[in-house]
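What follows is one structure encoded as structure tokens, with my remarks underneath.
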Amino acid sequence: MQDGSTSASLLFQPYRLRDLALANRIVVAPMCQYSADEGCANDWHMMHLGALSNSGAALLIVEATAVEPAGRIGHGCLGLYSDENEHALARVVDACRRLGTARIGIQLAHAGRKAASMRPWEGKTMHDPLHENSWPTRSASAVPFGEGWHTPTPMTLEDISALREMFGQAVTRCDRIGFDMIELHAAHGYLLHQFLSPYANERTDIYGGSLENRMRIVLEVFETMRAAWPAEKPMGVRLSCVDWVEGQWSIEDTVTLSARLKALGCDYIDCSSGGIDPNIKVPTGPGYQVPFAAQVRKEVEIPTMAVGMITDPHQAEAILQEGHADLIAIARGFLDDPHWAWHAAYALGAEVALPPQYQRAGLRLWNPAKRHRAASATSSR
């Protein structure tokens, strides 16, 4: 839902999801930091999230946060399964809300067969699983993520019932902490995606085989979460819209699932892709996932979030102007430039909220900012 604004730029138009009013369409995407202590946020998260809460983005989504210890990608991942986790994360979120300009969301997740990995900068390869401090993993089926990875134990019906409860309990903790929204992570080859994709799901019970069966766990988990979350607060889902393998999870499957999620009260689909197998070559490039957001938005008539190699303000603006998505999620762009949204505003002739301590570096008082706008206007002609 669009509210009124004096800016001609859609990227800086306000937007609303249920009762959550966003000042613009820019989202800091969830980015794993692999730096937690037994699932607990610490000073790194205070520094990292604190800076991004004043980035100019309207919404900051906290990294993938596991609903049980075994659901962490690795030992350094955030969790929300204990009082200690809750208190540590509340400390960070409270500071971001008090001192930042962004609204704060969180992505709840379970890594499944991709859990028990090393930190990316410590392993021989990305998320190397071969280390002495790993733990047993579970998945839809006994299919390893890749060569050399541990073989997961197939989840029983009792395991799946317990999983739904764990997601529901994490949602209750999120509400106590004061998060503004929640995103369910069902993408990138993690547990829920492992159930969705025939590539990882060889089950023959009600959670395997047909598309209807493979979607079942995502719909059940989402329904449990939605029931535990206040009606006025939004909840979305991140999906890998395609597996990038013929005959596996497809954009048509994503459209079907998105329609079912919408009927259960899902407020948006965060359209990503891939991650089901480390050997699949994904044809990346600027905005390579935007067509998925556009198709889901058009066919399901649900708001979508575009993400993936969106780095330039004019690129982001064009995605919105062409009706491909409603929100723009940016990850590494914010790691490179924590004030990406400030500079996007300069480039697009808009304004963005600055904390009072930083206003003397804003457009009205800082000549380099004015030159940035002038340079952008010249280059875009």
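Every number in this text was worked out from the coordinates using simple rules, so none of it is lab data. Quick caveat: nothing in here was measured; it's all calculated off a predicted structure. Every residue, glycine among them, receives a Cβ derived from its backbone with ideal geometry; neighbour counts consider all protein chains shown.
Beta bridges from DSSP with both residues in the chain: antiparallel share about 10 percent, rounded to the nearest 5. Spin-label model, A51/D175: points 7 Å from Cα along the beta carbon direction are separated by 3.5 nm. Relative to the longest principal axis of the Cα atoms of the chain, the long axis of helix 83-99 makes an angle of roughly 10 degrees.
Per-residue extension of 0.36 nm, minus the Cα-Cα distance of M309 and A162, leaves a gain of 49.3 nm for this segment.
Relative to one another, the C-alpha centroids of the stretch 284-308 and the stretch 48-126 are positioned 24 Å apart.
Taking other Cβ atoms within 10 Å as a rough exposure proxy, C266, C241, C40 sort from fewest to most as C40, C266, C241.
Backbone geometry of the stretch 183-192 corresponds, through the Karplus equation with coefficients 6.51, -1.76 and 1.60 at θ = phi - 60°, to 3J(HN,Hα) couplings of 10, 8, 8, 10, 10, 6, x, 7, 3, 5 Hz, x marking Gly and Pro. Tell me what the chain gives for mean residue ellipticity at 222 nm when only DSSP H runs of n ≥ 4 count, each as -39,500 (n - 2.57), the sum divided by the residue total, rounded to 500 deg cm²/dmol. Rounded to the nearest 500, the figure is -11000 deg cm²/dmol. Label-to-label distance for T151 and Y288 is 3.3 nm, based on points extended 7 Å past Cα in the beta-carbon direction.
When the square roots of the Cα gyration tensor eigenvalues are ordered a ≥ b ≥ c, the ratio a/c for the stretch 1-118 is 1.5 or more and a/b exceeds b/c, which makes its shape prolate.
Once you sort the root eigenvalues of the Cα gyration tensor of the stretch 79-219 as a ≥ b ≥ c, which label holds: rounded (a/c under 1.5), prolate (a/b larger than b/c) or oblate (the other case)? In terms of gyration-tensor shape, oblate. Which log10 I(q)/I(0) values does the chain give at q = 0.13 Å⁻¹ under the Debye formula, counting every alpha carbon as one identical point scatterer? Ignoring solvent entirely, the Cα scatterers give -1.04.
Approximating the spin labels as points 7 Å out from Cα along Cα→Cβ, the L219-to-A318 distance works out to 3.9 nm.
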